[in-house]
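The values are calculated or read from the model by the stated rules, or taken from the named source; none is laboratory data. All of these numbers come straight from a predicted model, not from anything done at the bench. Because the Cβ atoms are built from the backbone with ideal geometry, glycine has one as well, and the counts that use them run over all protein chains shown.
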Amino acid sequence: MSDPISRDDVAHVADLARLRLTDDELDHFTEQLAAVLEHARDVEALDVADVAPTAHPFELSNITRPDEVRPSLDRDEVLGQAPSTEAGQFRVPPVLGEAP
């Protein structure tokens with residue numbers, strides 16, 4: 001079995017990424033990247049033909065309550081308590097230099 005990546009490969013990728021690596025870092029990252037690629041090779045070798053694609057390992061569902069019309073606050077009463085209203089809406093100070 002050949003090495004999945006060489007020290008020269010790592011040096012080339014580091015150069016493309018404009019990273020300056022010491023000799024010790026090149027050796028260290030070559031070992032790490034080789035281990036990652038070896039694991040990827042192991043995963044690639046798995047027979048997953050009968051495995052359905054999933055986005056999450058556990059089945060999830062949103063728990064929501066039914067949307068039911070219920071009594072709410074009286075609009076006129078709420079707007080009557082606001083410091084300023086306009087055309088049946090709350091009036092707020094201008095934002096980001098907008099004209100009032």
TODO: For the range 79-92, name all the residues that are hydrophobic (A, V, I, L, M, F, W, C) and under 39 Å from the mean Cα position of the chain (by Cα).
DONE: F90, V92
Open item on the list: Residue under question is E25, and the condition is that it be surrounded by 10 or more Cβ atoms within 10 Å (Cβ to Cβ) and either at pLDDT 95 or above or on the phi > 0 side of the Ramachandran plot (or both); does it hold?
Closed with: yes
Open item on the list: From the list V78, V36, V51, V69, exactly one residue is surrounded by 10 or more Cβ atoms within 10 Å (Cβ to Cβ) and over 25 Å from P4 (Cα atoms). Which is it?
Closed with: V78
